[in-house]
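In what follows, a single structure is set out as structure tokens and then discussed.
The values are calculated or read from the model by the stated rules, or taken from the named source; none is laboratory data. Keep in mind it's a predicted model, so treat the numbers as computed, not measured. All Cβ positions, even for glycine, are placed from backbone atoms using ideal geometry, and neighbour counts span all protein chains on display. For accessibility, only protein heavy atoms count, side chains too; no ligands or nucleic acids. Shrake-Rupley method; radii C 1.70, N 1.55, O 1.52, S 1.80 Å.
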Amino acid sequence: MSERPPVVPILMYHAVTAAPVPAVRELSVSPEAFAAQLAVLAGAGFTPLTTAALAAAWRGGGPLPAKPVLITFDDGYEGVYRHALPALARHGFPATLFVSTGWLPGPYDTGGALDTMLDWDQVRELAAAGVEIGGHSHSHPQLDGLGDARLRHEVLRCKEIIAEQVGTPPESFAYPYGHSSRRVRRTVRALGFSQALAVGNALAARRQGPYALARLTVRRRTGTEEFARIIEGRGLVRAFTRDRVLTKGYAVVRRARQAVRLCTPGD
């Protein structure tokens with residue numbers, strides 16, 4: 001065990017499916033690609049951890065493996081159970097699943113899901129298999145564009161439903177679309193989450209703080225060679241140039257929307 005790796009790759013997956021719908025195709029991976037990527041992690045000597053385990057070690061100064069990595073899934077697509085779980089089990093790898101509770105079928109379904117989602121029985125089976133279940137808001141809005149009351153509802157309702165359905169309240173949170181702000185981070189912390197993940201397409205570091213840890217996006221176009229480079233922190237600028245240009249452009253739009261919200265009375 002090492003003292004504290006300065007940086008850690010946190011991988012962000014969405015759908016794992018052979019036949020994605022157009023809305024999730026770019027942010028999906030095939031079952032074969034996912035299995036190949038896990039084999040790359042195993043062959044390179046990485047040790048997967050849950051989000052809670054990494055954050056607890058960084059918060060308390062505890063030991064970590066020499067090459068830790070986090071495997072995370074956003075939204076709650078059914079392929080995580082059908083395809084990802086068997087592949088994870090073959091390697092004995094843990095992972096973290098961040099669910100948007102209003103997208104899952106059942107009594108809390110608000111609509112809006114982009115593809116076939118997990119049901120709550122599957123979520124409980126994933127939890128029993130060692131997958132950490134985290135929060136990803138209730139209806140998957142851009143949290144930094146919400147008023148205070150709606151923001152609190154999105155985070156708290158998500159936490160309450162997971163606690164009710166899984167049996168334990170979630171410790172970890174992932175911001176929908178990766179967007180947050182100081183106000184959003186304060187709210188997530190105040191409502192009892194111990195850590196939260198953004199995107200950033202960079203390696204995670206302790207200095208980022210527990211509520212703004214960066215992740216690396218794994219896409220349909222992420223080939224095995226590129227995957228092997230990014231988990232080692234090589235070629236990140238080239239791999240994510242397009243993402244960073246879009247992020248900078250959209251940041252301007254979001255700031256404008258926030259300015260309108262702050263000037264508009266009411267919530």
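The figures follow:
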| item | result |
| --- | --- |
| Surface per residue (accessible, 1.4 Å probe) for segment 49-153, Å² | 35 Å² |
| Where trypsin sites (Lys or Arg not before Pro) fall in DSSP loop in segment 190-242, at most 12 other Cβ within 10 Å | 221, 234 |
| Shape category assigned to segment 43-90 from the gyration tensor of Cα positions, a/c cut at 1.5 | oblate |
| Among 112, 60, 92: highest mean-square fluctuation, GNM of the chain, C-alpha pairs under 10 Å | 60 |
| Accessible-area composition of the chain, carbon plus sulfur, in percent [1.4 Å probe] | 55 percent |
| DSSP-defined beta bridges in the chain - what % are antiparallel, rounded to 5 | 15 percent |
| Long-range amide H partners of residue 195 with built H, under 5 Å | 173 |
| Nonlocal amide H pairs with residue 200, under 5 Å, H built at 1.01 Å | 215 |
| Max mean-square fluctuation residue, GNM over the chain, Cα-Cα springs under 10 Å, options 20, 176, 86 | 86 |
| Relative contact order of the chain, defined on C-alpha pairs under 8 angstrom at six or more residues apart (%) | 20 percent |
| Mean-position separation - Cα centroids, segment 101-155 and segment 200-220, in angstrom | 21 Å |
| Choice from 224, 17, 72 with maximal GNM fluctuation in the chain (Cα, 10 Å cutoff) | 224 |
| Placed amide H near residue 67: partners under 5 Å, 5+ positions off or other chain | 47 |
